[in-house]
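Please read the structure below before turning to the comments.
The values are calculated or read from the model by the stated rules, or taken from the named source; none is laboratory data. Remember, it's a predicted structure, so these values are computed and weren't measured experimentally. Positions of Cβ are generated from backbone atoms using ideal geometry, with glycine treated the same way; all protein chains shown enter the neighbour counts. Just so you know, the surface numbers come from the protein's heavy atoms only, side chains and all, with ligands and any DNA or RNA stripped out. Shrake-Rupley method; radii C 1.70, N 1.55, O 1.52, S 1.80 Å.
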Amino acid sequence: MKRLRGCVAAAADAPRKVEGNRPRPTAARDDGRIVLLPDAAEFFGEAIRINPDNQCIAWWEKPADYVAWEIDSPKAAEYEVWLEWAISDELAGNAFKIRVGAASLAGTIGKSGGWTSLKRVSVGTVKLPAGKVRLEMKVEGKLNGELADVRAITLNPVGRSEEHTSELQS
C-alpha cells in the first residue's frame, strides 16, 4: 500500500501535457537575457494552460496550479526579474511567488487595463548559480478569480538596460 501511495503522490506532482507547449531548458540569449515563455514551461494543476490567442499562461484559476521552467544559466550572476501580464482590473490584486533555487520573490498582480493590455514590472533580483536551475511561479494565498495571463518572465542581467517591450517582439 505504501508503494501505491508513493506512485499516486508522484503522479500528482508530474507536469501535465498542455497543447502548445514543449517543456525544455531555456538558455540565455546573446544579450544575456533569459526569457521564459509559456511554450517552454511545465504546467502543474487542473485548469492552467496556454491561451492560443495570445500565447499567455491562462486560466490560472486554482491556487494549487503552477508553472515551472528549467533554466540553463551560463554563469553565476545576478538578474533582475521582470514579469509581463494582463488581467481584468476587477481581478487584480492576487499575490504570487517566484522561486528560483533557494531564492524567492513575492508580489501582487497589479491592474493592467484589461485582458488585452500588458503590464511589465520588475519584481526584484535573484542570484543564479552556473548550470541548471529551476524557476517556479505559484499563487500565494487565496485567488480572486484568476491570477493573470502571464506572457513572460524575463531575467535581465543586473547592469544591462531594460527596454520595456514585449518579449514576443524581441
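So what's the net charge close to SER73: Lys and Arg +1, Asp and Glu -1, counting the other residues with Cβ under 14 Å from its Cβ?
Net charge in that neighbourhood comes out at +3.
Just to be sure I understand the model, the point goes 7 Å from the Cα along the line to the Cβ. What's the resulting ALA27 to ASP72 distance in nm?
So the two model labels end up 0.4 nm from each other.
Give the lysines reachable from LYS75 as a straight Cα distance under 21 Å; neighbours fewer than 8 places away on the same chain don't count.
LYS127, LYS132
Excluding ligands, DNA and RNA, what is the solvent-accessible area per residue of segment 53-116 at a probe of 1.4 Å, expressed in Å²?
So segment 53-116 comes to 44 Å² accessible per residue, rounded to a whole number.
ARG24 accessible area, nearest 10 Å², 1.4 Å probe?
About 80 Å², rounded to the nearest 10.
Tell me what the chain gives for mean residue ellipticity at 222 nm when only DSSP H runs of n ≥ 4 count, each as -39,500 (n - 2.57), the sum divided by the residue total, rounded to 500 deg cm²/dmol.
Details: 1 runs with 11 residues, N = 170.
Per the formula, -2000 deg cm²/dmol.
I'd like the per residue volume of the convex hull spanned by the Cα atoms of segment 20-111, given in cubic angstrom.
Per-residue hull volume (Cα only) is 121 Å³.
SER73: accessible area at probe 1.4 Å, nearest 10 Å²?
0
Cβ under 12 Å from VAL139's Cβ, VAL139 left aside: what net charge do those residues give with Lys, Arg +1 and Asp, Glu -1?
Residues near VAL139 contribute -1 overall.
Evaluate the charge dipole of the chain about its Cα centre and quote only its size in Debye, nearest 20, assuming +1 on the Cβ of each Lys and Arg and -1 on the Cβ of each Asp and Glu.
Working: 24 positive and 24 negative charges, 163 e Å.
Rounded to the nearest 20 debye, it is 780 debye.
List, in order, the whole-Hz ³J(HN,Hα) value for each residue of segment 16-22 obtained from phi through the Karplus relation with A = 6.51, B = -1.76, C = 1.60 and θ = phi - 60°; use x for Gly and Pro.
These are the phi-based 3J(HN,Hα) values: 9, 6, 10, 4, x, 10, 9 Hz.
I'd like the accessible area for ILE50: 1.4 Å probe, protein heavy atoms, all chains in place, Å² to the nearest 10.
So the heavy atoms of ILE50 present about 10 Å² to solvent.
When the accessible area of the chain is computed with all protein chains present and a 1.4 Å probe, what percentage of it is carbon and sulfur?
Carbon and sulfur together cover 51 percent of it.
I'd like the projected area of the chain, averaged over all directions, using the convex hull of its alpha carbons. Report it in nm² with one decimal.
Spelled out: convex hull of the Cα atoms, projected over all directions, averaged, 10.4 nm².
Any lysines with Cα under 18 Å of the LYS119 Cα? List them, leaving off those in the same chain fewer than 8 positions away.
LYS97, LYS111
Quick one: which residues, 5 or more positions from ARG16 or on another chain, have an amide H under 5 Å from its amide H? H modelled 1.01 Å from N in the peptide plane, none for Pro or chain starts.
Close amide H contacts, sequence-distant or interchain: PHE43, PHE44, GLY45.
For THR154, THR125, what's the largest-to-smallest order of accessible area, 1.4 Å probe?
Putting THR154, THR125 in descending order of accessible area: THR125, THR154.
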